[in-house]
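Chemist: Take this structure first; my questions come after.
The values are calculated or read from the model by the stated rules, or taken from the named source; none is laboratory data. All values derive from a computational prediction rather than experimental measurement. Cβ coordinates were reconstructed from backbone atoms using ideal geometry, including for glycine residues, and neighbour counts include every protein chain displayed.
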Amino acid sequence: MKKQKNPASKFTPPRIGIVALSSVIPKIEFETGVDALRFDGWHVEVHPEVSGQYYFYPASDETRAKSFLQYAYRKDLDAVWCARGGYGITHLLPLLERMTAKRKPSKKTLLGYSDVTALHEFVRKKWGWETIHAPMPSLKTFSTLSVPEKNSYRGFLLDSLKRPHAFAQTKHHLEWISPMRTANTSAPLVGGNLAVWLAMAGTKYFPNAAGKILFFEEIGENVARINRYLHQLEQAGGFKGVKAIVLGDFMDCRDTVPMRIDPFDNERKRMIPLRAAYPDQEALQFVFAELSRRTKIPVAFGIPAGHGPNFHSLYLGKKYTLKKNGEFEIAYKP
C-alpha cells in the first residue's frame, strides 16, 4: 500500500507582520506573545510603531493607517496580525479608504478581535482579504493558550493561505436561548465585538448582516448597556434578514443595580439597591431572548471565543452550519 504523506510535514510558516492600530501596547505581555509565536516556528516581523505612544494610541491616526498599509502592500508578507484591541480602528477606516483609492493592497489574511471587528469587515469587503477572529499577541495568556485554541488559529490561517495542514477543524455545541423553528441553517459568519459593531451603525462602514449568521462577544459592558445596544441595532436595521445570532463569551457583563436612599435611614445617608441583581447569565439570556422574540431570529450561546476565558478562533466570512441540535461548525472541509 502506498504510504500517505502527512500534510503537517509540508508546513511552511507564513510570514506575519504585526501592527498596533488601537490602544497602547503592554510591552512585557506583547514581547512574551511574540516570543511564543517565534518559538512555535512562525516568521514574525513587528512594525516599529508598535512600541510608540501618542495619547491613547501607539501613534496618530494617520501614522497608524500608514503603518498598516506598509505591511498591507508588502508582497513578502502573508498575513497581518493586530497586536491588541482597545479602541481607535474606526477612526482609520476613512483614511484607509482614501489612501487605497487608486491601488488596493495585495491579498492577505487579517487576524485579531475586539476593536479589529471594524477592520475585518473593511478589508474583506474592500480588498478581498481573508479574516480570522483570533487572539492577539499582547494578550496576557497568549503564550499559554491551550492546544485546541492554538490549533484553531493555526488551521484557519494556513487554510486561508491554501497551505496544507493537519489541524482539527473547530466544532462547538451551543445552547439555545431561542431555538430555530425550521431546519438547519448554513450561512456566512460575520460579527465580533458588540460595541464595535454598534459603533459602525449609521456610517457607510456599517456591515450588512442580511442572510448571515451574526456572532457577538463582549467585555466589561453591563447588561443595561448591552440591552440598549441591541435595541439601537434593531432600530437601525442591523438585524434585518439575519439568519441566526450566536454568542461567545460575555466577560464581566453584569447586571448592575441602581442605588436608592434607604427609607428606614432617618439621616438619609445610607444607600441600598433598588432591586435584587440577577445572575449574569440569567440577565444576558433575558435581553437576548427578548431580542429574539421581537425579531424572530434564533439565538444560541456557548462559542468559546471572545475576551476570555476562552480564545478559540473563528473564520469570518466563511459559511458555518448551525443545527437544530445546537452543533455549530464551519461548513466546508479543508
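Chemist: Among the residues of the range 70-104, which ones are assigned to a loop (DSSP other than H, G, I, E, B) and over 18 Å from the mean Cα position of the chain (by Cα)? Talk me through it step by step, then tell me what you get.
Modeler: Narrowing the range 70-104 to residues assigned to a loop (DSSP other than H, G, I, E, B): 73-78, 83-88, 100-104.
Scanning the range 70-104 gives Tyr73, Arg74, Lys75, Asp76, Leu77, Asp78, Thr100, Ala101, Lys102, Arg103, Lys104.
Chemist: Same structure again: Return the residue satisfying two criteria in turn: it lies in the range 129-174 and is assigned to a strand (DSSP E or B) and surrounded by fewer than 16 Cβ atoms within 10 Å (Cβ to Cβ), and of such residues it is modelled with the lowest pLDDT. Show your work before the answer.
Modeler: Pass one, the range 129-174, residues assigned to a strand (DSSP E or B): 130-133, 171-173.
Adding the requirement that they be surrounded by fewer than 16 Cβ atoms within 10 Å (Cβ to Cβ) leaves 171, 173.
Details: Lys171: 90, His173: 95.
Here the residue is Lys171.
Chemist: Name the one entry in Gly248, Gly238 that is assigned to a loop (DSSP other than H, G, I, E, B), under 23 Å from Ser114 (Cα atoms) and not hydrophobic (A, V, I, L, M, F, W, C). Reasoning before the result, please.
Modeler: Numbers: Gly248 fails: assigned to a loop (DSSP other than H, G, I, E, B).
Exactly one residue qualifies, and that residue is Gly238.
Chemist: Please enumerate the residues belonging to the range 192-225 that are of a type in the set (Val, Ile, Thr) and surrounded by fewer than 20 Cβ atoms within 10 Å (Cβ to Cβ).
Modeler: Here is the first cut: in the range 192-225, the ones of a type in the set (Val, Ile, Thr) are 196, 203, 213, 219, 223.
Within the range 192-225, Thr203, Ile219 meet the criteria.
Chemist: Does Ser9 qualify as being at negative phi, surrounded by fewer than 20 Cβ atoms within 10 Å (Cβ to Cβ), over 23 Å from the mean Cα position of the chain (by Cα) and at pLDDT 95 or above?
Modeler: Working: at negative phi: yes; surrounded by fewer than 20 Cβ atoms within 10 Å (Cβ to Cβ): yes; over 23 Å from the mean Cα position of the chain (by Cα): yes; at pLDDT 95 or above: no.
Spelling it out, it is not the case that Ser9 is at negative phi, surrounded by fewer than 20 Cβ atoms within 10 Å (Cβ to Cβ), over 23 Å from the mean Cα position of the chain (by Cα) and at pLDDT 95 or above.
Chemist: Looking at Asp280 and the list (1) at pLDDT below 95; (2) surrounded by fewer than 16 Cβ atoms within 10 Å (Cβ to Cβ), which single condition is not satisfied?
Modeler: (2)
Chemist: As an exercise: evaluate Ile177 against (1) aliphatic (A, V, I, L, M); (2) assigned by TED's automatic domain parsing to the domain that holds Ile89; (3) over 21 Å from Ala331 (Cβ atoms) and give the number of the one condition it does not meet.
Modeler: So Ile177 meets the others, but not (2).
Chemist: Additional query: Given the conditions (1) in a loop (DSSP other than H, G, I, E, B); (2) more than 30 Å from Phe30 (Cα to Cα), and given that Ala187 satisfies all but one, which numbered condition is not satisfied?
Modeler: Answer for Ala187: the failing condition is (1).
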